[in-house]
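Shown next, in structure tokens, is the structure this report addresses.
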Amino acid sequence: MLKPGGSLIGLGQKYGLKHRKKFTQVHTLLKAKRKCPECGSLKFGREAVGIWACKKCGYKVAGTAYDVSL
Ligand SMILES: [Zn+2]
């Protein structure tokens, strides 16, 4: 069931507003489109915690859990 204002995916009323805001922030970061520094493809994203990879050319880089620092 989707609730109105869909950015609070999966958390509902379980946590306080502060935590939900934080979650939304992290979620947005994770979902944001990134360019692969190697081939410029937007298929670049987090493969695992701390590992970011390009699905097009296979380029991998270590980053933080929620963002990549290049
Ligand atoms: Zn690439």
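None of the figures in this text is laboratory data; all of them are computed from the coordinates on show. For clarity, every value in this text was computed on a predicted model and none was experimentally measured. No Cβ is skipped: glycine too gets one built from the backbone with ideal geometry, and neighbour counts run over all protein chains shown.
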*What list of ³J(HN,Hα) values in whole Hz, one per residue of region 35-46 in order, does the Karplus curve 6.51 cos²θ - 1.76 cosθ + 1.60 (θ = phi - 60°) give from phi, with Gly and Pro shown as x?*
9, 5, x, 8, 10, x, 5, 8, 7, 8, x, 7
*Which order do the peptides 17-29, 33-45 take when ranked by the mean count of other beta-carbon atoms within 10 Å per residue, highest first?*
33-45, 17-29
